[in-house]
Amino acid sequence: MDPNEVEFLGEKQLVTIIPSFTFNQIHLISGSIGPFRAGLPTQVPIWLAVNLKQQQKCRIVGQEWMDAKLLIDVKDEEKTSKFFTKMPSDHYMDETLMLLGVAPEDIPQAEEIRTIVKDLWDIRMSKLRTSVDAFMKSDSAFAKLDHLTPMEINCIRPSLPHALDQRDRIQTCGSRPRDSQDTQRS
Amino acid sequence: MFGEKALELIKELERSAEGIPPFNDDGIRQVLEEMRILCQANFDDIENPTTDPPNYSSVRVRHMAISRNKRCILAYLYNRLQKIRQMRWEFGSILPPEIKSLLSEPEVQWFTSYSKALATYMRSIGDNYGLNLATDVTPPKSLYIEVRCLVDYGKLDLEDGEVIFLKKNSQYLLPRAECEGLVRQGVLQHVTS
Amino acid sequence: MDDSVADVSEHLDSSDNEEFTPGKVLQDIENAWLNEKFAPEILPHQSELVDCMLEQISHMEENMKKLKKGDIRLAIHKMEIDRIRFVIKSYLRTRLEKIEQYTIHILSEDDKKSPEESYLTPGERKFAKEYLANIETLFRTVALQHMPANFQAFEVDKLTVKPNLNSHVFLRVNKPVQGIIVPGTTNDEIDLTAGAQRLIQYQPIASLVKEGAVQLI
């Protein structure tokens, strides 16, 4: 999957904005948004928030979890845990990139948040590499991927499933002649 | 060696992974000729064997060589079709002349038929609502860019119905898709801060 | 002006059936898109969803014509429609790619099914047949007819390409399922709990994808 497509899915997440205009409820196919009152917070999908922001029609409040203190705790937990911990959002990485990209001045401590999220991502990716390695060496029929986010899963696709497919192919190729030898011997 | 020319066809495609090499009429003809000769040799060996019993081993080897040649030719044609198919998605239903000249006549016909089948299918989508699947290949991104107008251009109709007047030396925030053309024409200049 | 823009979601909400809100249909299409993207085989078509969503789009576009130039809603609705169109197109393209890649296999599997059970829409089926016929024509014209008499056949069995159903996929569990057995492994049965994410061979969970018990991710 193209990373753009993962981001596309992430853009469906809601985010709080403070509009600079006033307008009634708008009925989208995916659901209704608004009403918009200038200066009063309301929730809209990220794709819309980014667009309104670009047109300077709103200020982006950001996500509740976009808080340096909270994220440091998340990061520490991730560091100490053997497993993948649950992220505050399934699209924490792409949401951070999109929202901080378009509205760094709106979100307090934007730079700190960006750095912590990047660290968090690095910790998880290195954990992911270790577990992929361990999994490939095991003979397990399946892998648990609980709490991995779509962007992270996308990073091990197609290499991991592909490697497993190839391993299976080699194993079935190897087993066939052996079977026939056995038959010949008997 | 039997099958060498056939393999050469495959290698030729392999070498031009990006584009499509000119249709190798001569190569195909030579492989077909080899198949004919091998087939004739087998026929002779069976009809008028020089040994008793007839030498079935050589018959079998020739038979396999013919099969391999067939496989290579079809693989050559099929893989070319994959490239030609891709062109329908990239260029639309009219082939650029420089590409058309690389194809054989039956391939050009195949392109036309493929295009037609695809168009029929796309028209039928959504109870004949019709949908052009060759467009919107990446997720939509609404990107606004800051541009400076370099000339007194005048009226510009935006897709959302808004109308703006572009004046020399003024700056505007516009959807990228809608001002790309004007940037290329030198009417607008992308301002990078 | 606001109310004159007949609103699609309210119109459908009034059926009192949560299942059929446009938002739900859209979510179902997105799920179908991801399943189709990641499943090695072609999945049962979802033309009811596609038709329904395209109708919603037409309806919305009609309503947009009633809006004045510069109305903020024009741009917003257009953005949303562009997003939905992208999903539908990408979904249908993915299916078409599989149809082209596995034409003979898909058609022969489909022949075993009744028209109601067919995985292909009538349009896709027609396309598949024409695609195959066009390839056969080209093979015959350029090569087969010039080959020795007993080598001229268009050997369907040798030309069949099948998807690898044992390939590995990522999934998320919607409804708990117990006792999945991965063929060729010594492991015990696998239980899937709701919300769990797994990497596993496609074959043993293929029917779960089609039932909606798991979602490919």
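The values are calculated or read from the model by the stated rules, or taken from the named source; none is laboratory data. Given the structure is predicted, the values throughout are model-derived calculations rather than measurements. In this analysis, Cβ positions are derived from the backbone assuming ideal geometry, glycine residues included, and neighbour counts consider all displayed protein chains.
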Exactly one of B:ARG71, B:ARG88, B:ARG60 is basic (Lys, Arg) and under 30 Å from B:ALA119 (Cα atoms), and that residue is B:ARG88
List the residue pairs whose Cβ atoms are under 6 Å apart, where the first residue sits in region C:48-61 and is facing chain B (nearest Cβ under 8 Å) and in contact (Cβ under 8 Å) with a residue 60 or more places away in the chain, the second is assigned to a helix (DSSP H, G or I) and crowded, with 19+ Cβ neighbours inside 10 Å, and the two are 6 or more positions apart or on different chains. none
Filter region C:162-176 down to residues that are in contact with a helix residue (DSSP H, G or I) (Cβ under 6 Å, 6 or more places away or on another chain) and aliphatic (A, V, I, L, M) and give me whichever is nearest to the other protein chains (Cβ to nearest Cβ). C:VAL169
Somewhere in region B:104-114, is a residue within 30 Å of B:ASP44 (Cβ to Cβ), part of a helix (DSSP H, G or I) and out of contact with any helix residue (DSSP H, G or I) (no Cβ under 7 Å at 6 or more places or on another chain)? no
Restricting to region B:31-50, give me the number of residues that are surrounded by fewer than 16 Cβ atoms within 10 Å (Cβ to Cβ), of a type outside the set (A, V, I, L, M, F, W, C) and more than 10 Å from chain C (Cβ to nearest Cβ). 5
Residue count for region B:1-48, restricted to those that are closer than 24 Å to B:ARG85 by Cβ and not in a helix (DSSP H, G or I): 9
For region B:60-88, the count of residues that are surrounded by fewer than 18 Cβ atoms within 10 Å (Cβ to Cβ) and β-branched (Val, Ile, Thr) equals 1
Filter result for B:LYS168 (basic (Lys, Arg) and either buried (at least 18 other Cβ atoms within 10 Å of the Cβ) or part of a strand (DSSP E or B) (or both)): no
Being at the interface with chain B (Cβ under 7 Å from one of its Cβ atoms) and among the aromatic types (Phe, Trp, Tyr) is the filter here, so list the residues in region C:121-157 that pass it. C:PHE127, C:TYR131, C:PHE139, C:PHE151
Show the residue pairs meeting these rules: Cβ distance below 9 Å; 6+ apart or different chains; first residue within region C:181-193 and closer than 15 Å to C:VAL214 by Cβ; second residue at pLDDT 85 or above and among the aromatic types (Phe, Trp, Tyr). C:VAL182/A:PHE142; C:ILE190/A:PHE142
In region C:16-46, residues that are of a type in the set (S, T, N, Q), facing another protein chain (nearest Cβ under 9 Å) and in contact with a helix residue (DSSP H, G or I) (Cβ under 8 Å, 6 or more places away or on another chain) total 1
Quick check: anything in region A:43-61 surrounded by fewer than 17 Cβ atoms within 10 Å (Cβ to Cβ) and over 23 Å from B:TYR144 (Cβ atoms)? no
Quick one: count up the residues across region B:89-101 that are crowded, with 18+ Cβ neighbours inside 10 Å and within 21 Å of B:GLU14 (Cα to Cα). 0
Only listed residue being assigned to a strand (DSSP E or B) and not aliphatic (A, V, I, L, M), chosen from B:GLU159, B:GLU146: B:GLU146
Here are A:GLY39, A:GLY31: which of them is small (Gly, Ala, Ser), surrounded by fewer than 14 Cβ atoms within 10 Å (Cβ to Cβ) and more than 23 Å from the chain's Cα centre (by Cα)? A:GLY39
Within region A:43-58, work out how many residues are without any contact (Cβ under 8 Å) to a residue 40 or more places away in the chain and either away from chain B (no Cβ under 11 Å) or more than 16 Å from A:HIS91 (Cα to Cα) (or both). 9
Restricting attention to region B:105-136, which residues are touching a residue at least 40 places away in the same chain (Cβ under 8 Å) and either farther than 23 Å from C:LEU54 by Cβ or facing chain C (nearest Cβ under 8 Å) (or both)? B:GLU107
For region A:73-90, state whether one or more residues are assigned to a loop (DSSP other than H, G, I, E, B), out of contact with any Leu (no Cβ under 8 Å at 6 or more places or on another chain) and more than 29 Å from A:THR130 (Cβ to Cβ). no
Criterion first (of a type in the set (D, E, K, R), over 16 Å from A:CYS155 (Cα atoms), touching a helix residue (DSSP H, G or I) at 6+ places or on another chain (Cβ under 6 Å) and surrounded by fewer than 17 Cβ atoms within 10 Å (Cβ to Cβ)) does A:GLU105 satisfy it? no
Looking at the structure I just gave you, is C:LEU74 within 10 Å of another protein chain (Cβ to nearest Cβ), in contact with a Gly (Cβ under 7 Å, 6 or more places away or on another chain) and either closer than 30 Å to A:ASP2 by Cα or part of a helix (DSSP H, G or I) (or both)? yes
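Yes or no, residue by residue, for (1) farther than 30 Å from A:LEU9 by Cα; (2) assigned by TED's automatic domain parsing to the domain that holds B:VAL31; (3) more than 28 Å from the chain's Cα centre (by Cα):
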| position | (1), (2), (3) |
| --- | --- |
| B:PRO96 | yes, yes, no |
| B:GLU105 | yes, yes, no |
| B:TYR121 | no, yes, no |
| B:ASP136 | no, no, no |
| B:LYS155 | yes, no, yes |
| B:LEU166 | yes, no, yes |
| B:GLN171 | yes, no, yes |
| B:ALA177 | no, no, no |
| B:GLY181 | no, no, no |
Which condition breaks for B:PRO53 when tested against (1) modelled with pLDDT under 95; (2) within 14 Å of chain C (Cβ to nearest Cβ); (3) more than 25 Å from the chain's Cα centre (by Cα)? (2)
Of those in region C:77-87 that are within 7 Å of another protein chain (Cβ to nearest Cβ) and among the aliphatic types (A, V, I, L, M), the residue surrounded by the most Cβ atoms within 10 Å (Cβ to Cβ) is C:ILE84
Restricting region C:35-67 to residues that are crowded, with 17+ Cβ neighbours inside 10 Å and among the polar types (S, T, N, Q), the residue that is farthest from C:TYR202 (Cα to Cα): C:ASN63
Wholly within region C:173-217, strands (runs of 3 or more DSSP E) carrying at least 1 residues that are loosely packed, with under 15 Cβ neighbours inside 10 Å: C:177-180, C:190-192
Using the structure shown, decide if A:THR85 is of a type in the set (Val, Ile, Thr), within 15 Å of the chain's Cα centre (by Cα), at pLDDT 95 or above and surrounded by fewer than 21 Cβ atoms within 10 Å (Cβ to Cβ). yes
Please specify each residue of region C:104-120 satisfying the condition of being buried (at least 20 other Cβ atoms within 10 Å of the Cβ) and either over 15 Å from the mean Cα position of the chain (by Cα) or within 14 Å of chain B (Cβ to nearest Cβ) (or both). C:LEU120
Residue check: is C:THR94 β-branched (Val, Ile, Thr) and within 20 Å of B:GLY130 (Cα to Cα)? yes
